[in-house]
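The values are calculated or read from the model by the stated rules, or taken from the named source; none is laboratory data. Note that the structure is predicted; figures quoted are calculated from it, not measured. Here the Cβ is made from the backbone with ideal geometry for all residues, glycine too, and neighbour counts use every protein chain on show.
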Amino acid sequence: MQTNTTLQEQRKAPLKRNDPPAVQAILILLTLLFFAIFIFMPLGLVFAEGLRKGVAVYLEAIREPFALSAVKLTLITAAIVVPLNAVFGVTAAWAISKFSFKGKTLLVSLLDLPFAVSPVIAGLIFVLLLGTRTGFGSWLGDHGIKIIFSTPGIVIATLFVTFPFVARELIPLMEAQGREEEEAAITLGARGWQVFSRITLPNIRWGLMYGMILCMARSIGEFGAVSVVSGHIRGMTNTIPLHVEILYSEYNYTASFAVSTILVFLALVTIAIKSLMEKNVHNHQPTQH
Amino acid sequence: MPPYKSNKRHILPGFGLSMGYTVFYLSAIVIVPLATIVIGAFKMDPQAFIATVTSPRVLASYRLSLSTAVFAALCNAFFGFLAAWTLVRYRFPGRRVLDALVDLPFALPTAVAGICFATLYSPVGWMGQYLEKTGIQIINAPSGIVVALIFIGFPFVVRTLQPVLVELEPEIEESAQSLGATRWQTFRRILLPHLFPALLTGVTLSFARAIGEYGSVIFIAGNLPFKTEIAPLMIMTKLDQFDYDGASSVAFVLLLISFSMLLVLNAVQRWQQKSYR
Amino acid sequence: MKHFHRHTSRLTAGIALFSSLLGTAAQAAPAANTLLNVSYDPTRELYQAENAAFAGYWKQKTGQTVTINQSHGGSGKQARAVIDGLEADVVTLALAYDIDAIADSKLLATNWQQRLPQNSTPYTSTIVFVVRKGNPKGIRNWDDLVKPGIGVITPNPKTSGGARWNYLAAWGYKQKQTGSAEQAKAFVKAIFKNVPVLDTGARGSTLTFTQRGLGDVLIAWENEAHLILNEFGADKFEIVAPPVSILAEPPVAIVDRNVDKHGTRKLAEAYLNFLYTPQAQEIIAKNSYRPRSAAAAKKYASQFPNIKLFTVKDLFGTWRQAQKTHFSDGGTFDQIYTP
């Protein structure tokens, strides 16, 4: 996931290599067509269906207690998952980018693993590991610790699914930055924590924020894995995507799209923050390549 | 990449702590849970395992998942390239909005995407009503699965290509053209080879993501045995019949495919990094 | 490596911190006046009404306020969740086999079906057809489903409990008619030739038929059929009752292990027994399930067309046997899909 889109191109003013206007027009039209079919139509549909029965029905659907509890659970989950994975991402990126050791390639591959694993498998493994059929799961159950089919299970499955995003964002960034600055500080007598908080953290803050935003977007929207471990108890273990599915299968078509608009809205906000941030990423690390 | 390969003694502190935490957290969240599938598969009677994963229906589902993922990845290679090229090199109103919306498939829950596509392409939907007349079937057909997978994988191709396209030195093209190369020749001989590693990385990412995709596909696929039943659905089907071993076996093979995809991805990326150094 | 050891103490601290983070999220057991009813898809509306009625009844009787949480989903999925640790106090599923599977993992007694009246099924239903208004394809009976050009919508029997009832209803009709299991199999195979999509659950099929406009006939629970007319308009769809169908018996049971753990056995028993009371039977009939009580059945007789009903026991033995013959891997359903 190399997501470093830059807006630097504006500075380069690529006038000389511009394609002929006809080619440009055709390619832009093709792109617009693709976006129309694959992006704008689903987006439009969500709003059209959500508002089909009017604003009153729409508002009622998103203010209904079960919808609110789903929003709450989703936000709680994201609030736990994003910091945990951010701490991990920074730690892993520190270990991988600042030191050389054997097996680095394997370690980096393993970090990516959750990205390629089917969400269904992501749910299945936690059912197999923590479900009461197994020794560990039944031990937990006997001691009154509920993980699966309650909030912790949803959190863990989400942790798995969003695992690589922060680390993936930071490793190339920190590798490109090298370690001269930190080493100089150490030689000058700075303590480890000081070096990290005064030098490393400011250098990576935009990349870190960016990774956290990706992580948040994914944790809000995860469906497959969470669906397997949730238990679907209304008002207790339903996240927004699960609530959407439940409304949908209750023939509450309009409400399901209305609640979907919350997700679309969250997605759009995330995207907006992200594009704002991209400017900053590149203003602060202009010499990355 | 790191500039000090020979430097064995680390001046910087925190290797033990950061490495220990990385390995611990990785094990707790990823390795140990995934090991349950591997252990489960190995604990099974080998014959039962082989019988499960080579049963015609399961094989058909692997074939379908792989072929639709390949097809979607190829489509994304084209559309992703197109979008990245247009967004980076051309100026037109609304470009910034399009650029931001590239990430929508990544942020939109897969179930919502699935419901949307199923509704759009149904015989009474916005798209379906016209397609119906032309006889093109999207819903309940492999082409529907491809549509969902194109959506899912699109951002990965665009986002890997964009930075490389931006970094392209204008001099390369200019010198090629001053030497008398046509625009198309410049594109084919100079630009495409240069962009290819990044394109391949993006396509591999979108392919890896597509093989395991479930939420968006089941709503539009039709789920007919041998025809439109994807591999992750086979896992779900087996689970719903309390066949934990069967589900683990199918999952194990899918996991092997994912892992080999990652190894390929890693190789591709190292190649990409080398070629852009 | 030396370097590593120096930091093991900090590493342990890290592990401890992480574990405590997870630990704090673990929840306490639910209070004794809360029940979790794990049910299948079509009963959402029914239990919404029943739970409200029971809460009122319980308040009046004991003065306690009771909360009943609901979880709905595909019947097999729900049973598996309970097996894997979803702490249901009562399960109310689509077919006995799913509760048998829970009993197999020792969460409740294997004789669960004898513990409540009428095979532990306080309500029954049957399988009917839903067609588009005016019945343009003239579908009247099971035989019409195999005609060429008829699109039949039914979910996947492997993942949906309702679909298994559909399957057995079709099979039983032909077997009763011809007396031959072979012909029944060929008949079911012919029906599935007309099935363009196999949704994973009954509700998915309904939406495929109603919202996406696919197919000419939906095979569905009788109660779902009535719900479809209410939700999507009696001006768009109509119900066709075949002359012969299956008596669907969705059973209910207490999950012993969980009620003992939660201390909710008394409440759970009262809840399930409540379903047999006149008040609850009335709600059952209003939600288009066939009530067990003669009084309610008589009162709402006009709502339920006279269909000749056979039971699973009549034709297929126990649910375990039916499951093994037809729906397990290699069963008749797999056979009819073998190319």
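In table form, for the structure just shown:
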quantity	calculated
Checking C:Lys185 against (1) farther than 13 Å from C:Leu218 by Cα; (2) crowded, with 24+ Cβ neighbours inside 10 Å; (3) at pLDDT 95 or above, the condition it does not meet	(2)
Test: residue in region B:154-161 that is over 21 Å from the mean Cα position of the chain (by Cα) and either of a type outside the set (Lys, Arg) or at pLDDT below 90 (or both)	no
Test: C:Ala103 is within 14 Å of another protein chain (Cβ to nearest Cβ) and touching an Asp or Glu at 6+ places or on another chain (Cβ under 7 Å)	no
The listed residue being assigned by TED's automatic domain parsing to the domain that holds C:Asp104 and without any contact (Cβ under 8 Å) to a residue 24 or more places away in the chain, out of C:Lys266, C:Lys324	C:Lys266
Qualifying residue in region A:169-183 (condition: under 14 Å from the mean Cα position of the chain (by Cα), within 20 Å of A:Asn85 (Cβ to Cβ) and free of Cβ contacts under 8 Å to residues at least 60 places away in the same chain)	no
From C:Val130, C:Val90, residue being within 14 Å of chain A (Cβ to nearest Cβ) and either hydroxyl-bearing (Ser, Thr, Tyr) or under 30 Å from C:Pro243 (Cα atoms) (or both)	C:Val130
Condition met for C:Leu315 (more than 27 Å from C:Arg44 (Cβ to Cβ) and of a type outside the set (Gly, Ala, Ser))	yes
Filtered residue count, region B:112-145, keeping only those that are aliphatic (A, V, I, L, M) and either over 26 Å from the mean Cα position of the chain (by Cα) or buried (at least 24 other Cβ atoms within 10 Å of the Cβ) (or both)	8
Only one of A:Thr132, A:Thr91, A:Thr158 that is in a helix (DSSP H, G or I) and without any contact (Cβ under 8 Å) to a residue 12 or more places away in the chain	A:Thr91
Selection status of C:Tyr337, surrounded by fewer than 21 Cβ atoms within 10 Å (Cβ to Cβ), without any contact (Cβ under 8 Å) to a residue 60 or more places away in the chain and of a type in the set (Ser, Thr, Tyr)	no
Residue identified as at the interface with another protein chain (Cβ under 8 Å from one of its Cβ atoms) and either outside any loop (DSSP other than H, G, I, E, B) or within 24 Å of the chain's Cα centre (by Cα) (or both) among A:Phe101, A:Phe165, A:Phe149	A:Phe149
Among (1) part of a loop (DSSP other than H, G, I, E, B); (2) within 22 Å of B:Glu213 (Cβ to Cβ) - the single one B:Phe92 does not satisfy	(2)
Subset of region B:8-47 [surrounded by fewer than 16 Cβ atoms within 10 Å (Cβ to Cβ), within 14 Å of chain C (Cβ to nearest Cβ) and either closer than 15 Å to A:Lys102 by Cα or at pLDDT below 90 (or both)]	B:Lys8, B:Arg9, B:Ile11
Of all residues in region C:199-221 being surrounded by 24 or more Cβ atoms within 10 Å (Cβ to Cβ) and more than 18 Å from B:Pro123 (Cβ to Cβ), the one that is farthest from the other protein chains (Cβ to nearest Cβ)	C:Ile219
Residue list for region C:89-128, filter: of a type in the set (S, T, N, Q) and over 30 Å from C:Lys308 (Cα atoms)	C:Ser105, C:Thr110
Hey, B:Ala35 assigned to a helix (DSSP H, G or I), under 20 Å from A:Leu268 (Cα atoms) and of a type outside the set (Lys, Arg) or not	no
Residue among C:Ala94, C:Ala81 that is touching a His at 6+ places or on another chain (Cβ under 9 Å) and either over 16 Å from C:Arg44 (Cα atoms) or buried (at least 24 other Cβ atoms within 10 Å of the Cβ) (or both)	C:Ala81
Residues of region A:19-59 satisfying the condition of being within 10 Å of chain B (Cβ to nearest Cβ) and outside any helix (DSSP H, G or I)	A:Asp19, A:Pro20
Enumerated helices (runs of 4 or more DSSP H) restricted to region B:123-231, each holding at least 3 residues that are over 29 Å from C:Thr210 (Cβ atoms), β-branched (Val, Ile, Thr) and within 9 Å of another protein chain (Cβ to nearest Cβ)	B:142-167
Among the residues listed as B:Phe196, B:Phe242, the single one being under 22 Å from B:Ala69 (Cα atoms) and aromatic (Phe, Trp, Tyr)	B:Phe196
Region C:35-59, residues that are within 14 Å of C:Leu227 (Cβ to Cβ) and of a type in the set (D, E, K, R)	C:Asp41, C:Arg44, C:Glu45
Residue within region B:230-253 that is touching a residue at least 24 places away in the same chain (Cβ under 8 Å), at positive phi and of a type in the set (A, V, I, L, M, F, W, C) present	no
Residue within region A:116-124 that is of a type in the set (Ser, Thr, Tyr) and not in a helix (DSSP H, G or I) present	yes
